[in-house]
Amino acid sequence: MKVLVMYVNEFSYKPKEKNLEDAPEITEGKTCHNAILAFVQVEGQDEAKDVKSREKKLVNHLKWTARKNNTKSVILHSFAHLSESKASAEFTKELFDLAEKRLQNADFTTMQTPFGYFLDMKIDAPGYSLARIWASL
């Protein structure tokens, strides 16, 4: 799994183009402030491991990053451009849902961008060291 995390002052999106046929219809966008925006690519080899172990690894990384940036808000965004390897959409969505639930159980505010869509995005991110962190988990 590859993860690019950014602390954002503001993040907003609008669904632009559906790229998974069975994704639900979503037309409205959302905006979030003072959050960790996680671009996550779940890789094929992640499916060979237990989904719960992958979820725990991702959540621990996101919690650490959030603490470093003094926030309790996390945005999960599936981003299949950090590696050549891709897990199935079903495994990726299950991992995202489990991670979101674990974060919420730890008193985080969470949001997932629409799964199965290309999005128009606006990102306002400050320029300091821990505002951008890349990891291979």
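Exactly one residue out of Leu137, Leu82 is surrounded by fewer than 20 Cβ atoms within 10 Å (Cβ to Cβ), within 13 Å of the chain's Cα centre (by Cα) and at pLDDT below 95: that is Leu82. Suppose the filter is loosely packed, with under 13 Cβ neighbours inside 10 Å and within 18 Å of Gln112 (Cβ to Cβ); does Glu28 pass it? So Glu28 fits the description; yes.
For the stretch 89-108, does any single residue satisfy the condition of being at pLDDT below 90, hydrophobic (A, V, I, L, M, F, W, C) and surrounded by 14 or more Cβ atoms within 10 Å (Cβ to Cβ)? Taking every residue of the stretch 89-108 in turn, at least one turns out to be at pLDDT below 90, hydrophobic (A, V, I, L, M, F, W, C) and surrounded by 14 or more Cβ atoms within 10 Å (Cβ to Cβ).
What's the total number of residues in the stretch 109-124 that are polar (S, T, N, Q), within 14 Å of Leu62 (Cα to Cα) and surrounded by 15 or more Cβ atoms within 10 Å (Cβ to Cβ)? Steps first, answer last, please.
Here is the first cut: in the stretch 109-124, the residues polar (S, T, N, Q) are 109-110, 112-113.
Filter once more, so that each one left must be within 14 Å of Leu62 (Cα to Cα): 109-110, 112.
If we keep only those that are surrounded by 15 or more Cβ atoms within 10 Å (Cβ to Cβ) as well, we get 110, 112.
So the answer is 2.
Give me the strands (runs of 3 or more DSSP E) completely within the stretch 1-114, filtered to those with at least 1 residues that are free of Cβ contacts under 8 Å to residues at least 40 places away in the same chain and farther than 20 Å from Ser136 by Cβ, ordered by residue number.
Numbers: elements: 2-18, 30-41, 73-78, 109-112.
Counting at least 1 such residues, we get 30-41, 109-112.
Of everything listed in (1) out of contact with any Pro (no Cβ under 7 Å at 6 or more places or on another chain); (2) on the phi < 0 side of the Ramachandran plot, the single unmet condition for Leu119 is (1).
The values are calculated or read from the model by the stated rules, or taken from the named source; none is laboratory data. Please read these numbers as outputs of a predicted model, since none were measured by experiment. Virtual Cβ from ideal backbone geometry, glycine too; neighbours counted across all protein chains shown.
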